[in-house]
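Remarks on the structure that follows.
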Amino acid sequence: MTLVLQGQCQSGKNRILTTRTGHRYPPARFASWRNEWAQQLQGQFHETITWPVSISVDYTASDRRTRDIDGMLSALQSVLVYAGVLKDDGLVRGIGYWKEHPLDRTGAGVRVELRKL
């Protein structure tokens, strides 16, 4: 399955906060980004994946800001679960590749390929 998302990928490190009572929630900026990308995924998949997969990503940044790959991969997995593409991010059992393309201020985004293991 191949999915295409437009826009700058955020980092997902430490993006879920917890209150003293144990309530878990994302900061507003991350939630807005996650909701936007989840909406882009609508119509790109037909059923929720419930089996182990590997993930491969082609990434194009819109700016020169340094972002760590594992943080962006975490954010992508969060979006995939939130949108219903994956039942659980624990189903990602392998990384095929992460390929970064040259900066493109107007054409940033990711192409995600999920392969059944």
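The values are calculated or read from the model by the stated rules, or taken from the named source; none is laboratory data. Not measured: the values here are computed from a predicted model. Ideal geometry is used to build each Cβ from the backbone, glycine not excepted, and the neighbour counts take in all protein chains shown. Quick note on the areas: whole protein, heavy atoms, side chains included, nothing else; ligands and nucleic acids left out. Shrake-Rupley method; radii C 1.70, N 1.55, O 1.52, S 1.80 Å.
Annotation note: of S62, S54, S74, the sole residue that is assigned to a helix (DSSP H, G or I), of a type in the set (S, T, Y) and either more than 23 Å from G107 (Cβ to Cβ) or over 11 Å from the mean Cα position of the chain (by Cα) (or both) is S74.
Tell me which residues, restricted to segment 100-117, are surrounded by fewer than 17 Cβ atoms within 10 Å (Cβ to Cβ) and farther than 12 Å from I55 by Cβ. Working first, answer last.
Applying the first criterion (surrounded by fewer than 17 Cβ atoms within 10 Å (Cβ to Cβ)) to segment 100-117 yields 100-107, 111, 113, 115-117.
Selection gives E100, H101, P102, L103, D104, R105, T106, G107.
Would you tally the residues in segment 78-99 being open to solvent by 30 Å² or more (accessible area, probe 1.4 Å) and part of a helix (DSSP H, G or I)? Residues flagged as open to solvent by 30 Å² or more (accessible area, probe 1.4 Å) and part of a helix (DSSP H, G or I) within segment 78-99 amount to 5. For D68, only one of the following conditions fails: (1) within 26 Å of G94 (Cβ to Cβ); (2) without any contact (Cβ under 8 Å) to a residue 40 or more places away in the chain. What is its number? Single failed check for D68: (2).
Does S32 satisfy the condition of being at pLDDT below 95, small (G, A, S) and part of a helix (DSSP H, G or I)? In short, yes.
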